[in-house]
Amino acid sequence: MADTNKKVPTQHVIGFLLSLVMTLIAAWAVIGSALPTMWIIISIFVLAFLQAGVQLFMFMHITEKSSGGGHVPWNMMFHGFALAAIVVAGSLFTMSFGFDHGDMHGGDHGGNEQHEEHSNHGE
Amino acid sequence: MAAEELKSGPLEYRSQEGRMGILGFWIFLGAEVVLFATLFATYAVLFGRTADAPAPSELFQSGVGMTLVMTFLLLTSSFTCGIAVHEMRKGNAKGLATWLIITLVLGLGFLGLEIYEFNHYVHEGATLPSSAYWSAFFVLAGTHGLHVTLGIGWAICLLIQLKQRGLTNVTSRKFFVVSLYWHFLDVIWIFIFTGIYLTGMVL
Amino acid sequence: MALDEFFVTGEPLIYAGMVSIALVSAAIIFLLTYFKRWGWLWREWLTTVDHKKIGIMYILSALVMLFRGGADALMMRMQLAFPSLEFLNAQHYNEIFTTHGTVMIIFMAMPFLIGLMNIIVPLQIGARDFAFPFVNALSFWSFFLGAMLFNISFVIGGSPDAGWTSYTPLAGAAMSPGPGQNFYLMGLQLSGIGTLATGINLMVTILKMRAPGMKLFHMPIFTWSTLVTCFIIVFAFPILTVALALLTIDRIFGSQFFTLTGEGLPMMWANLFWMWGHPEVYIVILPAFGIFSEVIATFAKKRLFGYSAMVWSMIIIALLSFIVWVHHFFTMGAGAFVNSVFSVSTMLIAVPTGVKIFNWLGTLYKSKIEFTVPMLWSLAFIPSFILGGVTGVMLGMAAADYQFHNSYFLVAHFHYVLIAGTVFACFAGLVYWYPKMFGHKMNERIGKWAFWLFLIGFHVCFFPQYFLGLDGMPRRLFVTNIAEWLPLNVISTVGAFGMGAGFAVFVFNIYYSYRYSEREKTGDAWGHGRTLEWSTTTPVPFYNFATVPYVDEIDPYVRMKEEGKTTFDEKKLKPIHMPSYTGQPIIMMGFLAFASFALIFEWIPLAIVGLLLAVGSMIYRSFDYDDGYYVPVDEIKRTERKARGL
């Protein structure tokens, strides 16, 4: 990054302030806001990805030219996160049929739809 | 192993070995993303399977202050770690050591709080064997904690080497790699904070 | 723990195994001592960081594992052909099909291919070694010790018996107590670390150490397949690492991930296992495609037809390989929608694979084919693999899979792709690059015997199994006293022994060629080499290339030969930087293997000791600033002149 010889590392300070602000907003969204649950979850995850971006681009020098690594670091992170999404969403999707474990806690995503599907099979 | 030495640019990139080491570490971080994603996937699928153990939302809500402090500790340590590398690139070995030591102290504070937190949950009856959900929680957060511990030990080794050898192509490459590792642990923590604690409070 | 719990007792076959292990170990120790070879073994092999030597050790271990897995297979076939003999009991049969699968995939197919990559990839791209030679040695020892740990289980503690997929809840602590499953978990974990490290290592090597001028799209196709494979390894192996760790924690520390109590979810194991397991299938098949492409281009004496289509189809296969895993457990009951999604993605993979088949046919079209042994393996691969691939598409249809699932139809399918694909490729690659590794070719006549015995044996063994499957014979069955199944089972067993004979002839050929084959004079043993590995002298000097040629095209060695260029340009010689040999990798991994062994028997304090020793050796390594040495120009000159007869 360009700030190698600067006295004050502006980019790091901005990144730090951004991450603090985003953390506080996320915490407020959960504790203080009256948004619907779904929107809270979506917004806090958007903030999490933005924060990850701050770390990667402002702290970790991911796009640094002089590394000679070309686009490889960026490429690995991009595919890593893409695969992370596949692993998490794919597991939830695949395992969503939920063996009926008696009490239906909130975490059994899509459990209700699956019950309809099961009854369809029965017909 | 053609040693194409560069004359300018950051020390850690000047030798071919340095560039390859850093590139290899980026690839390793790609693997780490998937490693943690698998733990997250397990956590997400097992969410709600608490059996007779306490529900996470109560425990998380009562401990939200501490979770926030932990998050700020780690965020700040990531920032100070960035400053350490900034100092290193200015050729200031002393600045590097100082800022890195601050980073490690913050990291130790984080670890202390995490141990306290785990201990607290265990007292409330939420243990590793108590249910599928709590198994997933402890292993996911614990794996991150273990990474932080390793990072601290690793950085201490490097500080000793800095004292012995000063800033060279090799030591600065090692410091740069450990800084990547430390920032990366912060990225993972952001997702743990969001995915476990914040989400656990609203669901 | 009493001694009779530690050692497996009560089985004549296992007593025979113990005796043979003791005898072989004693013989090795005796021979090494008698010929005073201990120092040589330590200096030249155990401490080496040379990619060529490490590759040879990988391949030797893989051949030993192929023997072990093959012996398991023959025992199973004996039992199935003569069920009334009661050759094996149910428990022993379970153990054998478990170890057969695990050994063949993890400890045979992958190390064999990684061994070939180790030797050939740096030579193909004009590199002097791996990017991280130390890590390469570390990887080998983690694989080797992991494999040994797994293999020792049949005499100590008892083999795992829950299938190579190790499905929970069967593999959990409640239903499989004792060390058996732990052997599976720790053996795979240890060797998995090595595989991941190799993936990173090779990736950096290929990305950063290519000859000057060589762009990615100038790389030989085997190197391309290696790069794509490494990409899959880096992203798939962490999933296995986590899955194994979770099951280990379940079994040893009482967590509830895959248990029936505490609201655990046993099918989550299947989900995680196959999220790694399907990409793993491509980890063992893509390098095979690369090998066949090299061999076919060489002996068709043509440039590979559709080079870039080949590369892109591999990349697409790699991406698709991560989104098809559910087809391994359609019958879990995830619902019609989930199954449909994965059924469609599964069938999509047939498209890029089909592209590759046409590329090979296109290369062969109107060419002057030379029927050498590696070419025979490659030519036999195409139709055999298509049989496996097409039945794979049948299995990929979720609705039909409810019929095929866990039947011998499936067994026949995956043996058709894995043997016709991976095993044929290992043989083809070994024979093809053999002169580069050992300085002489393998005997062609004996090689053809091995080939025909193995090929015919293979089809006789597995083709009937499709019909056994359609007749309803389930896999992992130990008593088959059903009259309709018996004839096909007997035929299949005959074929299996044919393959065994083929393998025996192949191994005999190694010995025979060592004794009698003509020594290699030129580096280009087959006379038609197209890529850089053939441009070095034979045996390859330890620094590989005295001067690295400038490369700006595919198949650079073809032009080099025309223009009379070599890898020895006296004017351009410079001292070459090489890494020094070190005993640290084997010691470090020895400590980790010790910790794993202790964990298998749940001796926690000992495991902690082993772990601390391993961490200590890593700290030692961190403070070790040995950065190799330089080979002086004079020595390079002397070596090259001698090798080239100048």
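Throughout, read-outs are computed from the coordinates displayed, never taken from laboratory work. Not measured: the values here are computed from a predicted model. Using ideal geometry, Cβ is built from the backbone for each residue, glycine included, and neighbour counts are taken over all protein chains shown.
For this structure, a couple of remarks:
- Efficiency of FRET between C:N481 and C:I28 - r from beta-carbon atoms, R0 51 angstrom, step 0.05: 0.75
- Low-density loop positions, trypsin sites (Lys or Arg not before Pro), region C:540-646 - DSSP coil, at most 16 other Cβ in 10 Å: C:K565
- The string of couplings for region C:132-143 from the Karplus curve (6.51, -1.76, 1.60, θ = phi - 60°) is 10, x, 4, 5, 4, 5, 4, 4, 4, 5, 5, 4 Hz, one whole number per residue in order, with x for Gly and Pro.
- Neighbour counts of C-beta atoms inside 10 Å place A:T37, B:T194 in the sequence A:T37, B:T194, starting with the fewest.
- Calculated from the alpha-carbon coordinates, region A:1-61 shows an Rg and a Dmax of 14.4, 47 Å respectively.
- The amide H of C:F7, built 1.01 Å from its N in the peptide plane, has C:G157 as neighbours under 5 Å, considering only residues 5 or more places off or on other chains.
- Remark: C:M618, C:M186, C:M437 ranked as C:M618, C:M437, C:M186, counting other beta-carbon atoms within 10 Å and listing the fewest first.
- Partner shielding of A:27-36 amounts to 3, given as the average count of beta-carbon atoms from other chains within 10 Å of each residue beta-carbon.
- Trypsin sites (Lys or Arg not before Pro) within region C:196-234, DSSP loop, no more than 13 other Cβ atoms inside 10 Å: C:K215
- Neighbour counts of other Cβ atoms within 10 Å put C:D524, C:D555, C:D569 in the fewest-to-most order C:D569, C:D524, C:D555.
- The share of C-alpha pairs in region C:583-625 whose separation exceeds 15 Å stands at 37 percent.
- Note, ³J(HN,Hα) from phi for region C:484-497, Karplus 6.51, -1.76, 1.60, rounded to Hz, x at Gly and Pro: 5, 7, 4, x, 5, 5, 5, 4, 4, 5, 4, x, 4, 5
- For peptides C:485-496, C:373-384, B:107-118, sequence by mean Cβ density within 10 Å, most packed first: C:373-384, C:485-496, B:107-118
- Gyration tensor (alpha-carbon) shape descriptor, the protein assembly as shown, a/c threshold 1.5: oblate
- Our summary gives chain C a relative contact order of 17 percent, counting only alpha carbon pairs under 8 angstrom and 6 or more residues apart.
- Lys, Arg +1 and Asp, Glu -1 on Cβ, resulting dipole of chain B about Cα centre, debye, nearest 20: 880
- Peptide C:195-204 shows a mean partner chain C-beta count of 4 within 10 Å per residue C-beta.
- Interchain or long-range residues, amide H under 5 Å from C:H577's placed H: C:V631
- Computed from backbone phi with θ = phi - 60° and the Karplus coefficients 6.51, -1.76 and 1.60, the 3J(HN,Hα) list for region C:540-546 is 5, x, 5, 9, 6, 10, 5 Hz; x is used for glycine and proline.
- Neighbouring partner chain Cβ atoms per residue of B:160-172, average, 10 Å criterion: 1
- Charge context of C:K302, other residues only, Cβ under 14 angstrom, K/R +1, D/E -1: +2
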